[in-house]
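Below: the structure, in structure tokens.
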Amino acid sequence: MQKKNVCIIYTGGTIGMTKTKNGYAPQDGYLPLLLSQMSELQSLRIPNYTLIELNPLLDSSNIAVNEWNQIASTINQNYENFDGFVVLHGTDTMAYTASALSFMLENLKKPVILTGSQIPFCEVRNDAKDNLITALLIAAEETIPEVCLYFSGKLLRGNRSTKMSADELIAFDSPNYPPLAQAGVRIRINKNNVLKKTSEPFSMQLLTPSPIAVFKIFPGIQFGIFENLVTKELKGIVLEAFGSGNIPNYDHAFLRTLEKAAENNTVIVVCTQCLRGSAQIGDYETSAALQKNGVVSAYDMTVEAAVTKLYYLISKGYSKIEIERMMEENLRGELTI
Ligand code: ASP
């Protein structure tokens, strides 16, 4: 059987870092050299791979819209030449990048698998090797036409994933959606959970760095402080509310903030702070004001998905009303209504 071809896009992150006097940091050329010396990657079972190292290599804390554009463009330019893609990425913002790419890569027909590790290759005991090898094998699997995140035995839908642990090797989960595959003794793909291929041609949407904000609600929050942040420039707000989308409603500054956002055409979308379940405003009196002021529910979307979906819809040039409508629609399997 002919070997499949996988493109590895290396963006940085712990996986390829080495120890420096300031702590772990990526080093140009180090990972490609290491991989070229890894006997496991010479196995007949491993697909052919080509590694593209992005410049500069980054700790993922520094990855945002411009780097998402760079990754998406690299996939777009190489789309026809490969059966699948593996994106090596730091774990800190991997769920954001996975979510962003899921929206940017429209009508995707091939697997795009993000992975990384909690311990770098340069350490004797590491999770880097297994994550990379399994991600490579899955990326050669044509039945997964979506952006996914592979980590420690589980393949997750990218825009459903979130980083759960800063130090455990099982660092990611998708609390509101079952895994797409499990890699135990065998790799088992849960076909029913995977998106279906569309007949529309593949295309890519670049993102524009737009001013948006995430406000986390907490007991005692003084909305007056937020009021000044809601300016004409602010295009969108993701509100992380309590439970099913509730907000303390005793503070008049809260209503003024909502009115100001409406006047400025700022989209407001409400996520829940809970890891599982849905924000559905209007169930309680404490979310009634949100509903009256045209705020929309993110349902069971992660904050990562809500933020990157906002960037995407703003970049598409949609009006406020269109963005509000589409934030509540399921575009890439990111939400359940
Ligand atoms: N700070 C690192 C990064 O996100 C952490 C990691 O990769 O695990 O790039």
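The residues Arg160, Arg325, Arg276, sorted by heavy-atom accessible surface at 1.4 Å with ligands and nucleic acids left out, run Arg276, Arg325, Arg160 from largest to smallest. Restricting attention to the stretch 104-259, close to 65% of DSSP beta bridges with both partner residues there are antiparallel. A simple packing score, the average count of other Cβ atoms within 10 Å per residue, orders the peptides 88-100, 281-293 as 88-100, 281-293, with the highest score first.
Taking each residue as 0.36 nm, the span from Ile321 to Asn293 lengthens on full extension beyond its C-alpha to C-alpha distance by 8.8 nm.
Please figure out what share of the DSSP beta bridges in the stretch 184-337 is antiparallel and state it in percent, rounded to the nearest 5. DSSP beta bridges in the stretch 184-337 are roughly 15 percent antiparallel. In summary, the aspartates and glutamates within cross-link reach of Lys163, defined as a Cα separation below 13 angstrom excluding same-chain residues under 8 places away, comprise Asp92, Asp173, Glu304.
Here the extension length gained between Lys19 and Gln77 equals 17.5 nm, from 0.36 nm per residue of separation less the Cα-Cα distance. With R₀ fixed at 30 Å, the C-beta to C-beta distance from Glu168 to Leu255 puts the FRET efficiency at about 0.10. For the peptides 307-316, 247-256, residues were scored by their other Cβ atoms within 10 Å and the scores averaged per peptide; the highest-first order is 307-316, 247-256. Among Val270, Val295, Val124, the largest mean-square fluctuation in a Gaussian network model of the chain (Cα springs under 10 Å) belongs to Val124.
Accessible surface area normalised per residue over the stretch 202-273 is 47 Å², counting heavy atoms of protein chains with a 1.4 Å rolling probe. Taking 14 Å as the straight-line reach from the Cα of Lys191, the aspartates and glutamates in range (excluding those fewer than 8 positions away in the same chain) are Glu141, Glu142, Glu146.
Calculated mean residue ellipticity at 222 nm for the chain: -7500 deg cm²/dmol, from DSSP H runs with n ≥ 4 weighted as -39500 (n - 2.57), summed, divided by the residue count and rounded to 500. Simple spin-label estimate for Lys3 and Ser210 gives 4.3 nm between the two label positions (7 Å along the Cα-to-Cβ direction from each Cα). Judged by the mean number of other Cβ atoms found within 10 Å, the most tightly packed of the peptides 233-241, 41-49 leads the ranking 233-241, 41-49. The gain in end-to-end length when the Gln273 to Ser39 segment is fully stretched comes to 79.8 nm, 0.36 nm per residue minus the alpha carbon separation. Out of all DSSP beta bridges in the chain, what portion is antiparallel? Express it as a percent rounded to 5. Roughly 35 percent of the beta bridges in the chain run antiparallel, per DSSP. Relative contact order of the chain, taken over Cα pairs closer than 8 Å and 6 or more residues apart, is 15 percent. Do any of Lys3/Lys309; Lys216/Lys316; Lys3/Lys109; Lys109/Lys316 go past 28 Å between their Cα atoms, and which? Over 28 Å apart, Cα to Cα: Lys3/Lys309.
The values are calculated or read from the model by the stated rules, or taken from the named source; none is laboratory data. None of the values given here were measured: they were computed from a predicted structure. Cβ: placed from backbone, ideal geometry, glycine included. Neighbour counts: every protein chain shown. Just the protein is used for accessible areas: all its heavy atoms, side chains included, with ligands, DNA and RNA removed. Shrake-Rupley method; radii C 1.70, N 1.55, O 1.52, S 1.80 Å.
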